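Here is the structure we will look at, set down as structure tokens.
Nothing in this text is a laboratory measurement; each read-out follows from the coordinates by a stated rule. Since we're looking at a predicted model, the values are computed, not measured. Neighbour counts run over all protein chains shown; Cβ positions are idealised from the backbone, glycine included.
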Amino acid sequence: MTADPAPAQPGTLPRVSAESAADVQPPEAAPAGIDPDRLGDLLVRQDGVVEVHGLHVWEISSDSPALSAHVLVVPSGDCHAVRRDLERLLWEKYSITHTTLQVDHIGSAAAVQDVAITAASMGVTDDDHCEDAHGPVHRPGPHEH
């Protein structure tokens with residue numbers, strides 16, 4: 001890929017030449033072989049996890065996938081242990097080593113600010129939800145993507 005040698009304006013990216021544009025992966029495209037919906041469903045099936053949303057998977061380079069997500073755990077759960085377990089799972093199943101996981105307890109102030117719709121069985125009311133789930137919401141059991 002070749003970039004335009006002209007200096008970029010502050011806060012902008014260099015322009016990519018037309019002949020190399022075909023080599024550029026769209027920003028929201030997941031790496032080959034990784035289905036974000038299936039990955040989100042796998043994450044939410046782990047012990048203590050109630051919901052996963054704001055899930056993004058991309059490539060830093062051709063052999064270096066990255067992931068970020070907001071993960072909600074049960075109120076009594078060890079969010080640090082859940083994060084470590086999810087990171088290990090991501091490494092073992094998808095070779096993802098670059099992760100940013102925001103892990104909060106369901107009902108916590110941080111989760112309330114950034115939570116989509118959460119399972120009613122957890123006792124969370126509609127007042128505890130944000131308006132924007134930042135993409136698909138993954139919960140245990142059947143759900144739409």
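Once fully extended, how much extra length lies between A81 and A29, figured as 0.36 nm per residue of separation less the alpha-carbon to alpha-carbon distance?
On the way: separation 52, 0.36 × 52 = 18.72 nm, distance 2.94 nm.
Answer, rounded to one decimal: 15.8 nm.
What is the sum of charges around G48, taking Lys and Arg as +1, Asp and Glu as -1, for the other residues whose C-beta is under 10 Å from the C-beta of G48?
Charge balance in the 10 Å sphere: -3.
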